[in-house]
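The values are calculated or read from the model by the stated rules, or taken from the named source; none is laboratory data. It should be emphasised that the depicted structure is a prediction, and the values quoted were computed from it without experimental measurement. Cβ placement follows ideal geometry from the backbone for every residue including glycine, while neighbour counts extend to all protein chains displayed. Areas reflect the complete protein model, heavy atoms only, side chains present, ligands, DNA and RNA absent. Shrake-Rupley method; radii C 1.70, N 1.55, O 1.52, S 1.80 Å.
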Amino acid sequence: MYNHKTNLLRAIALLILLPMMSLAYGQEETWRLNLKDADIRAFVTQVADITGYSFVVDPRVKGKVTVLSSAPMNKDEIYDLFLAVLNVHGFTAIPGEEVIKIVQQVDAKQSAEILERFPETPSEQLITRVIQIDNANALELVPILRPLVAKYGHLAGVAAANALIVSDHRSNIERIEQIVRELDSPSKYEVEVIQLREAWVGDMVTLLQELAPDELGKAGGENAARKYSVTADERSNRLILRGDETFRDKMRELIRKLDQPSATGGTTKVIRLKHADAKNLTEILKGVMGEVVKEGSTGSGGNGASGKPDNNFSVFADEGLNALVVRGAPSLMQEAEQIVAQLDLRRAQVMIEAAIVEISDELGQDLGVQFAAGDESGESTPVVGTNFGNVGRSLGDVLSAILTESVITPATGGITLGAGERDENGLSWGILLQALSTSSAANLLSTPSIITLDNQESEITVGQNVPFRTGQTAVTGDGLSNPFTTIERRDVGLTLKVTPTISADGLVRLVVEQTTESVADSIENASDIVTNKREIKTTVLADDGETIVLGGLTRDDLQVTKSKVPLLGDIPVLGRLFSSESQSRIKRNLLVFLRPKIMLGKADAVAVTDDKYKALWEVNLNVREKLGLPNEEERPAIDDLFDGNNEARAQ
């Protein structure tokens, strides 16, 4: 019975004490700080003991502090109070990974803070934060917010990101963020589209900018340009307004008054061209604007689907002034002027330098033996001999020399040995041995060059004007003798035709036609002049200043001609007395090289001209040196060539 009562009392006591023990365990440890004129380093030591944080104190942190705390505070509140005391004395704490640095406030913004150790950032902690601005201009907010930032803090605007960078205490930054949210509220701006019926949007925008300079002109500054705008949609002849209701009402009223029919129904304008050809540009405008007029006339009503005014357009070319006379509705005139502005550009030029190289080599070897014998004593004259026409002199030449007792003229290009006799009985004989060898070599180089406009065909011809017989007669129709010969003159020489086209990346497309023609040597039984012709027609691509080969012709001809007496000519060694052999070999190699150089402006053209003039002057100096004449010390200016009394031409 006693044990039962004892256990019951213990259980009741445990139930009473358990809530009290839980309450005591749940209470957090608190402290009171009361310091008077204490050394600040001692204050730091006391806070380190309470919070458990490790501090590194700058040597410049010195002074006395007074702290009075009537209410108990937990560890986080003690640290916040610690930051406030430091702030009052011009110091601050910068938390790092392991320790907290206590430095002067002016040096705080050069150090990065690490706040992971705190469950919640203390209100007096010096931090850096980026505040994003959505609607307002960040740079405009900087002078407004700068007085709210501490002297040792930092405030700057980033135009590219439209954001603010602030370094200050957390509580002050939160206050600045609240102010920014109120200032960064979206403005009540809207976009409105207005369709013009009579006026052209390009002209209308210019008028509105002049009539509302505060909102749309430079007088309003960047802020006005950002808030208010009038944009022209030329494709549909519409205006796009952006601004508040007051601005849009003002613009709408001005547009209503200005969007009236034209008094003349169209405008006329003379466009002076700088580089383009008026006649060619007229054809382009007629084609392009004709399609525009057709598209406009297919819409509903007189204004077409786009709402443009009367779609009448005409253009005429004044070739004397190289100008265009354009008449049409304002919208069409605007479009035509844009086309002309894009086409009336200075065209680039291309200098094409060609090198035509021809190398030829000809070799010939002839060897032959000819003999003849005859008896003139009888009624007939029996003759025996060899006749080889492929080498030097023929049998007829030998017999003629024997009968006329004359000397045979030696063949050209070697040695000729001959012997013969005619006795008193009429017996004659003769023998002719010929060994001939010829060779010739030639190296021909032509370097024509020509300058032409981009996409413009050019041609250069260097050669002779040769007559060709086209007809001949010896007797007229009435039987009277009246011979005549008709001829036609034709250029024979070197001809180069090139059409260059420059691409946007500096590549040159060349359409080339190159012809090399020369008069051939006289050909037996030919009734007229014979010419040799070599021609290349091709299209190639080349970079600026790149040398390319267009093509070449390699010719190698070998001809061997052998004549002999049957059987006798086949005898080893002795057979050479009854045979003749002629051998010729012709080698020719023709190559054509081309190099384009783009000249985009005046400076490039001047440089090319000066280079060519310099090369010409070097030739002049070499000629004068060979003639023993004194050379000029300085090369005269190229403009002196056009002087009536220039000395350079006379020399």
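Among the residues making up region 58-89, those that are without any contact (Cβ under 8 Å) to a residue 24 or more places away in the chain, closer than 14 Å to Ile40 by Cα and either touching a helix residue (DSSP H, G or I) at 6+ places or on another chain (Cβ under 6 Å) or not hydrophobic (A, V, I, L, M, F, W, C) (or both) are Pro59, Lys62.
Flag: Lys614 matches the condition of being in contact (Cβ under 8 Å) with a residue 12 or more places away in the chain and exposed (fewer than 15 other Cβ atoms within 10 Å of the Cβ). Restricting region 87-125 to residues that are open to solvent by 60 Å² or more (accessible area, probe 1.4 Å) and either hydroxyl-bearing (Ser, Thr, Tyr) or part of a loop (DSSP other than H, G, I, E, B) (or both) leaves a set whose member that is modelled with the highest pLDDT is His89.
Residues considered: Ala150, Ala160, Ala199, Ala138. Of these, the only one that is surrounded by fewer than 18 Cβ atoms within 10 Å (Cβ to Cβ) and over 30 Å from Ile100 (Cβ atoms) is Ala160. The set of residues in region 518-539 being modelled with pLDDT under 85, assigned to a strand (DSSP E or B) and open to solvent by less than 50 Å² (accessible area, probe 1.4 Å) consists of Ser518, Thr531, Arg534, Ile536. With respect to the conditions (1) in contact with a strand residue (DSSP E or B) (Cβ under 9 Å, 6 or more places away or on another chain); (2) modelled with pLDDT under 80, Ala224 lacks only one, and its number is (1). Checking each residue in region 595-612 for being under 10 Å from Ser449 (Cβ atoms) and within 21 Å of the chain's Cα centre (by Cα) picks out Arg595, Lys597, Val608. For the structure I just gave you, tell me whether Thr128 is under 24 Å from Pro59 (Cα atoms) and modelled with pLDDT of 80 or more. The answer is no for Thr128. So how many residues does region 540-566 have that are farther than 30 Å from Val466 by Cα, of a type in the set (Ser, Thr, Tyr) and either open to solvent by 70 Å² or more (accessible area, probe 1.4 Å) or under 28 Å from the mean Cα position of the chain (by Cα) (or both)? Counting residues in region 540-566 that are farther than 30 Å from Val466 by Cα, of a type in the set (Ser, Thr, Tyr) and either open to solvent by 70 Å² or more (accessible area, probe 1.4 Å) or under 28 Å from the mean Cα position of the chain (by Cα) (or both) gives 1.
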